[in-house]
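Visitor: Have a look at the structure that comes next, please.
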């Protein structure tokens, strides 16, 4: 098995150049949160820090109740409390699930978006599966069977594109006709700006057969360091994944389970964080437009997907001269070769500094 090089290693010389800026680097490449983890999570973590025993893979009763409550309140899923219709499982961050799902399901072929988070492809390669990049419209997809897996991602990382409910229903129908598992990465669902992102579970009309929905607290709760995430969907699929994870010791640490429970039971901190990102987005978007970038899609999520029609590396180099590090779109597939992904996950001061540098570059 030959895995691709870790793409961010290629950014090292541009990071070095950006770091030489007199006012320091503004790193808008990897989307890691910088704001404080909510105090309710920190308090819950501290209170549960004495954890001498092994945690359960399935999660505590309180966590399972919180996950189901979140599905009911946030996603408006009336069947969330019915374990025969829908099941839930905590995972060690969403990347773990993305990376291992093809192996767990013994997938032979994995369809992924043609512009996509690299771990979809890496997970397929680890499983020895064929990787097939596809457009958003299932009418153009190749034929698959029940041994295969389809990944969709809305809101998309990196593009911020949101799939409309009609498209999601079309994809569900396409997948069910072929008996294929459909996994939807919905980790940016709380950050819809110009569109209202929907979960596949919300448009499934009460039938969750063959469906998996993936969510994470990393961005919505500034808890990337906690590695707290969940999957929900078809009880048969969740049951299979749970049994494999039990054998492999993939257990979310008990203190993290308590912190995750606290976060899922509170909505206020998510709303507050959302407003911080909204303000940063408006400032950064205006500055990028001012220097000739076009913003494509980006109606949701924590990134701006921008282009000036140049090779992405040329614009990465140009930004680095301003002390700003952005991600080249080629990291997400050939279709991204003329785009940059610019993250909103930096402090207010750094976002303001980046915007100022961009605007001043035009004057010079």
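Visitor: Just want the ordering: 177, 37, from fewest to most Cβ atoms lying within 10 Å of their own Cβ.
Guide: In order of increasing Cβ crowding within 10 Å: 177, 37.
Visitor: Counting alpha carbon pairs within less than 8 Å and at least 6 residues apart, what relative contact order, in whole percent, applies to the chain?
Guide: 26 percent
Visitor: Under 8 Å for C-alpha pairs, at least 6 residues apart: give me the relative contact order for the range 177-216, rounded to a whole percent.
Guide: Details: 38 pairs, mean separation 22.9, N = 40.
Here the relative contact order equals 57 percent.
Visitor: Share of antiparallel DSSP beta bridges in the range 39-266, in percent to the nearest 5?
Guide: So the antiparallel bridges amount to about 40 percent of the total.
Visitor: On a 0 to 90 degree scale, rounded to 10, what angle separates helix 254-264 from the longest Cα axis of the chain?
Guide: With both axes taken from Cα atoms, the answer is about 70 degrees.
Visitor: Let me ask something else. When a/c reaches 1.5 or more, the comparison of a/b and b/c decides; with that in mind, is the range 30-103 rounded, prolate or oblate per its Cα gyration tensor?
Guide: rounded
Visitor: Angle, helix 61-74 long axis vs. longest principal axis of the chain, Cα atoms, 0 to 90°, nearest 10?
Guide: 60 degrees
Visitor: Another one. Compute the Cα gyration tensor for the range 182-236, then decide on rounded, prolate or oblate, letting a ≥ b ≥ c be the square roots of its eigenvalues: rounded whenever a/c is under 1.5, prolate when a/b is larger than b/c in the other cases, and oblate in all that remain.
Guide: oblate
Visitor: Same structure, new question: Have a look at 267, 280, 242 and tell me which one the Gaussian network model of the chain (Cα, springs below 10 Å) gives the largest fluctuation.
Guide: It is 267.
Visitor: Related question: Take 226, 277 and order them by how many other Cβ atoms sit within 10 Å, fewest up front.
Guide: Ranking 226, 277 by Cβ neighbours within 10 Å, fewest first, gives 277, 226.
Visitor: What is the fewest-to-most order of 76, 170 by other Cβ atoms lying within 10 Å of their Cβ?
Guide: 76, 170
Visitor: Under 1.5 on a/c is rounded, so check that first for the range 96-242, then, if it is not, pick prolate when a/b is larger than b/c and oblate when it is not; a ≥ b ≥ c are the square roots of the alpha carbon gyration tensor eigenvalues.
Guide: Rounded.
A short reminder: the numbers here are calculations on the coordinates, not readings from a lab. Note that the coordinates shown come from a computational prediction; the quantities given were computed from them, not determined experimentally. Quick reminder, even Gly has a Cβ in these numbers, built from the backbone with ideal geometry, and neighbours come from all protein chains shown.
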